[in-house]
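Worksheet: the structure to be examined is printed underneath.
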Amino acid sequence: MNSGNIYLNIPHHLPDEIFENIILTGGIKIERILSKGHCSPEGHWYNQEKNEWVMVLKGRAGLQFKQNENIIEMQPGDYINIPAHCEHRVEWTDSEEETIWLAVHY
C-alpha cells in the first residue's frame, strides 16, 4: 500500500526541477514534477517512447509542440494527453510559485 499527499514535502528552494515517482510498474509510471521558473533546455524537445497524460495541479506553465509554434498555457486543473513521439518542450513555468504537475506515462 502506498499513500501520501501531492501537496506536501515541497522544498522552499528549487534550484532544479524535481521528478518523483509515485507509482512505477511494468506498464505505467505516475510521477509528481515540481517546477519553479524552470523550462526545457534551449533546443531540447522531449520525444518519449510512451504516451504521457499531464495535469497542472498548482502554478502555471507553457508547453510547446514541435509541429505547432503556439504555446499552450496551462493553469491549475488543465490537462493534456501527449501521444508517444509527439515532440514537445516546457517553454516556461511560473517563477513566483511552484508548479506541481501530475504525470502519467503509459
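Residues of region 60-74 that are within 11 Å of the chain's Cα centre (by Cα) and in contact (Cβ under 8 Å) with a residue 24 or more places away in the chain: Arg60, Ala61, Gly62, Leu63. Could you check region 26-40 and list, in sequence order, the residues that are out of contact with any His (no Cβ under 6 Å at 6 or more places or on another chain) and either at pLDDT 95 or above or of a type in the set (A, V, I, L, M) (or both)? Scanning region 26-40 gives Ile28, Ile30, Glu31, Arg32, Ile33, Leu34, Ser35, Lys36, Gly37, His38, Cys39, Ser40. Pairing each residue of region 1-28 that is farther than 15 Å from Lys50 by Cβ with any residue that is surrounded by 10 or more Cβ atoms within 10 Å (Cβ to Cβ) and of a type in the set (S, T, N, Q), provided the two are 6+ apart or on different chains, yields C-beta distances under 7 Å for Glu17/Ser35. Elements of the type strands (runs of 3 or more DSSP E) sitting completely within region 8-106 and holding at least 2 residues that are of a type in the set (Asp, Glu) and surrounded by 11 or more Cβ atoms within 10 Å (Cβ to Cβ): there are none.
The values are calculated or read from the model by the stated rules, or taken from the named source; none is laboratory data. Note that this is a predicted model, so its numbers are computed, not measured. Please note: Cβ atoms are built from the backbone with ideal geometry, for glycine as well, and neighbour counts cover all protein chains shown.
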